[in-house]
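Below is one structure; the comments refer to it alone.
The values are calculated or read from the model by the stated rules, or taken from the named source; none is laboratory data. If you're wondering where the values come from, they're calculated on a predicted model, not measured in any experiment. Cβ placement follows ideal geometry from the backbone for every residue including glycine, while neighbour counts extend to all protein chains displayed.
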Amino acid sequence: MRFTFVTLFSNLIEGYFQDSILKRAIEEKLFCISYLNPRDFSDSKHNKVDDTAVGGGAGMVMNPQPLYGALSDLRLKNKDVYIIFLTPVAKQFRQNDAKRLAKKMHIAFVSGRYEGIDERVVEEFADEVFSVGDYILTGGELPSLILCDAISRNIEGVLGNSDSLSVESFETELLEAPSFSKPQNYMGRGVPSEYLKGNHSKIRSLKLALSECKTKFFTPEQLVKHKSKQNYL
């Protein structure tokens, strides 16, 4: 699988893949990363990529021409590319989206800057548009990385133990149960005694109860969905 980052600032992204699980996955050729800079496609004298907003308003908007040129070139050379725009004005990205998109062959993330991207470019090239939350960032690079990380974890072989995916938060309506490591006692705090007894049936029951408690506290609407589903079954 290939991920292409369409960005004016690739240096903000490159370092993320220099360590840990994703670095190893790239070395093992489970996926690869490339970059495309719209500035390289600008037809202005000084490679300008922004302009004033039509209709007035504060700030600049990404000019359509450089992005249009970059994405046209990308599509011409990569017929299977799936283009995703990151913007606050879109549906929120979910775990099910990560699992679904992990089956694609090539995904391109378009990172906006300034006050946003000219809407005509989005209408022309977007296969999907996502937001990562109800807040504003200075650019789309962090959201692009979030999507890439979440998607790549669902590519076969990226995680050492694929069973890890099945117990994570958002795989069901419940948040994941608390995790503990050795030592059993640290700074006067222990772990649930049931975890130490080796009865896996009781451990599963306890983890379910803890998941429900955490979900009730942080996302009570998800617990309602879980209970409704259980009653239906």
- When the stretch 156-175 is checked residue by residue, the ones that are at pLDDT 85 or above and surrounded by fewer than 17 Cβ atoms within 10 Å (Cβ to Cβ) are E156, G157, L159
- Query: Under the condition of being surrounded by 12 or more Cβ atoms within 10 Å (Cβ to Cβ) and of a type in the set (S, T, Y), which residue from the stretch 178-208 is modelled with the lowest pLDDT?
  - Reply: Y195
- So the strands (runs of 3 or more DSSP E) completely within the stretch 1-91 holding 3 or more residues that are acidic (D, E) are none
- Give me a count of the residues in the stretch 117-136 that are within 15 Å of the chain's Cα centre (by Cα) and surrounded by 13 or more Cβ atoms within 10 Å (Cβ to Cβ). 5
- Note on the stretch 92-141: residues in a loop (DSSP other than H, G, I, E, B), closer than 22 Å to L8 by Cβ, modelled with pLDDT under 95 and not small (G, A, S) are R113, Y114, E115, D118, V132, Y135, I136, L137, T138
- Task: List every residue pair whose Cβ atoms sit under 8 Å apart, with the two residues 6 or more apart in sequence or on different chains, where the first one lies in the stretch 209-231 and is modelled with pLDDT under 85 and the second, anywhere, is outside any helix (DSSP H, G or I) and polar (S, T, N, Q).
- Result: H226/T172
- Query: Restricting the search to the stretch 15-40, which residues are out of contact with any helix residue (DSSP H, G or I) (no Cβ under 7 Å at 6 or more places or on another chain), over 17 Å from L142 (Cα atoms) and crowded, with 17+ Cβ neighbours inside 10 Å?
  - Reply: none
- Message: Given the criterion within 14 Å of the chain's Cα centre (by Cα), acidic (D, E), surrounded by 15 or more Cβ atoms within 10 Å (Cβ to Cβ) and assigned by TED's automatic domain parsing to the domain that holds F130, identify the matching residue among D51, D97.
- Response: D97
